[in-house]
Structures are given as structure tokens and as C-alpha cells.
Amino acid sequence: MKPTHWLAPVVLGLALLAGACNEDTILSTTARTYNQVQRLGNPLVSEVFLAKRSHPVHGSVGPDRDVALLTAELKGFVANVAGRNATVQNTLAAVLLPDELIIQTDKDPGTAGWLSWALANGWGGRKLTDDVVDAGLDAIFGPLLDPNSTSPGLATDNVAANDVPFSATFPYLAAPHLP
């Protein structure tokens, strides 16, 4: 087959396709739906406070449903596992639910830190150097919220600071450890 026999229809088809497209053309009018697979705003909410059986529900609903669905379970963990009083239960429930990161851009950038938005008048988010696991464990088991009935041995994961320096340029993360 000569190239001219198949080339002309291909060129004609591409020309028609290009001519049919413009900025006002909507390629699809089909509504799209997505399946949310997981979400983790604050570390430890799902991994510590919630029973494994609750993970699929937590991962499939939006934060607008967290307070209604998760408050009792979160407070139950704080009361029964951590042995903390109602004040600590209520504070942690108020700080951690809904499970989303709060960022207030009107605050001093130096006040960034996980839980600091609620507990230390910071702006939320977290720094790469923040030990969010220790901060969470300290809030649950340590004297951060109440000096009574603490479990100091559980208030840290005993993991040292980052062992590789962060980069000075974006995205600032250190190179991964390779085998």
C-alpha cells in the first residue's frame, strides 16, 4: 500500500478532530464520582485511638462526620487505655476531631507545629522536624494536658531525631535510605 493511500485519511481525520476542539467544547458531560480510599489528617487518630475495625469507616467518610462517628471511641480509648480523666478526653476529642489539618495563615510562621494550633496558639501544619508521634503520645499519656494519672513510659516512641540532614531546597526532605 502506498503511503498516499493511508496518509490522506489520517491527515483528514486529525484535521477534523483539531477543528472540532476549541475552548468551549466540553469533552464529557458524564458526572464523575470518586472512591475515597483513605485519609489521615492528624497522625495517630486512626492508628492509635480507633480500633482496627473502625479504620475503613474513618478512611471512607469525610471529616464532617468525624465528631458524630468517632468521639465516643476516641474518648473511650483515652479513658480506658490511657486512664485519663474527662477533661483530657474532651480536650483530645476537641483537638483531634474532625481529623483534618488546620492552617491559620495570619499566625507567625515560627509557631507551626502539630497540635500547636489548638494547644499553643500556633497556626497548624507541621515542620519537618516535628516529632508528631511523641507530641501525640505526650498529649495522650504524658503531663501535657494534665499532670495526674500519666504513663511516662508511653509518652514517647523513643525514636531519636532525624538521622539525615534535610535539604536546603524544596522539597527539603532528606534522601531516602536505600538498601
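What follows is calculated from the coordinates using simple rules that are stated; it is not laboratory data. This one's a predicted model, so the numbers in the text were calculated from it and none came from an experiment. All Cβ positions, glycine included, derive from the backbone under ideal geometry; neighbour counts span all protein chains shown.
Annotations for the structure displayed:
- Cβ-derived FRET efficiency at R0 41 Å, Ser60 paired with Asp146, nearest 0.05: 0.75
- Here, the range 51-95 has an Rg and a Dmax of 10.9, 30 Å when only alpha carbons are counted.
- Per-residue 3J(HN,Hα) values for the range 132-137, derived from phi via the Karplus relation 6.51 cos²θ - 1.76 cosθ + 1.60 with θ = phi - 60°, read 5, 5, 5, 4, x, 5 Hz in sequence order (x marks Gly and Pro).
- For the range 45-154, a Kirkwood radius taken over Cα pairs fed into Stokes-Einstein (4 °C, viscosity 1.567 mPa s) yields D = 89 µm²/s.
- Our coupling estimate for the range 48-61, obtained by passing each phi through the Karplus curve with A = 6.51, B = -1.76, C = 1.60 and θ = phi - 60°, is 10, 6, 9, 5, 3, 5, 8, 4, x, 5, 4, x, 10, 10 Hz, Gly and Pro reported as x.
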